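The values are calculated or read from the model by the stated rules, or taken from the named source; none is laboratory data. This one's a predicted model, so the numbers in the text were calculated from it and none came from an experiment. Note that we place each Cβ from the backbone using ideal geometry, even for glycine, and neighbour counts take in every protein chain shown. We work out accessible area using only protein heavy atoms, side chains counted, and drop any ligands, DNA or RNA first. Shrake-Rupley method; radii C 1.70, N 1.55, O 1.52, S 1.80 Å.
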Amino acid sequence: LNGWADQIAKWAGRKIPVLIDAKSPALPLFHMLKERDVRVGLTGPADITAACGAAASDLLSGTLTHAGQSRLDDAISNCRRRPVGDAGGWALDRRDGARPIAAAVAMVLARHAVRTTRQRTGRAVFA
């Protein structure tokens, strides 16, 4: 994980925010990135449901696009919803290891970071 933390720190620097889902397997990166002075935050269930809903809406409306990366296309096609709470919220379901969606989760969190952080850099990094 140190290699990942080093690479993310190199890409993000001190200005580009990085969000990690507190329930994700990437959670150990949080402290590693903090040690490298990266602006890193954790998301909880309310953040995840807002991020997923907004990203899905933007994808369907065409206001969120990407340059045709096959890894992201595959991840998006593998996505399934899982309910969160009892108010109709949902998140991407990571429970099926045979359906890799890490690139889609990263995209959702990067989009959320760009939209919700105070200091807007106009850039987002996701790995």
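What the table below lists for this structure:
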{"item": "Between 0 and 90°, nearest 10: helix 102-116 axis offset from the chain longest Cα axis", "result": "70"}
{"item": "Rounded, prolate or oblate (a/c below 1.5 giving rounded, otherwise prolate when a/b exceeds b/c) for segment 43-91 by Cα gyration tensor", "result": "prolate"}
{"item": "Bridge type composition, the chain - antiparallel percent by DSSP, nearest 5", "result": "50"}
{"item": "Sequence-distant residues sharing a close amide H with Asp21 (under 5 Å, placed H)", "result": "Thr43"}
{"item": "Of all accessible heavy-atom area on the chain, the percent that carbon and sulfur account for (1.4 Å)", "result": "54"}
{"item": "Point-to-point label distance, Asp58-Arg14, nm (Cα→Cβ direction, 7 Å offset)", "result": "2.7"}
{"item": "Label-point separation, Ala46 to Arg71 (7 Å along Cα→Cβ), nm", "result": "3.3"}
{"item": "Cα-based helix-to-principal-axis angle, 2-12 vs the chain, degrees rounded to 10", "result": "90"}
{"item": "J(HN,Hα) series, segment 35-51, from Karplus relation 6.51 cos²θ - 1.76 cosθ + 1.60, nearest Hz, glycine and proline x", "result": "4, 9, 6, 7, 6, 10, x, 10, 10, x, x, 5, 5, 5, 5, 5, 5"}
{"item": "Ala91 long-range amide H proximity, modeled H, under 5 Å", "result": "Arg82, Val84"}
{"item": "Accessible-area value, Val105, 1.4 Å probe, nucleic acids and ligands omitted, Å²", "result": "30"}
{"item": "Assigned charges on the beta-carbon of Lys, Arg, Asp, Glu; the chain dipole about Cα centre (debye)", "result": "320"}
{"item": "Cα gyration tensor, segment 1-41 - rounded (a/c under 1.5), prolate or oblate", "result": "oblate"}
{"item": "Sequence-distant aspartates and glutamates (8 or more away, or on other chains) whose Cα lies within less than 14 Å of Lys34", "result": "Asp6"}
{"item": "In order through segment 77-94: 3J(HN,Hα) via Karplus (6.51 cos²θ - 1.76 cosθ + 1.60), integer Hz, x for Gly, Pro", "result": "5, 7, 5, 10, 8, 10, x, 10, x, 10, 10, x, x, 8, 9, 6, 8, 9"}
{"item": "Rounded accessible area per residue of segment 1-95, 1.4 Å, Å²", "result": "61"}
{"item": "Whether the chain is rounded, prolate or oblate, judged on the alpha carbon gyration tensor where a/c under 1.5 counts as rounded", "result": "rounded"}
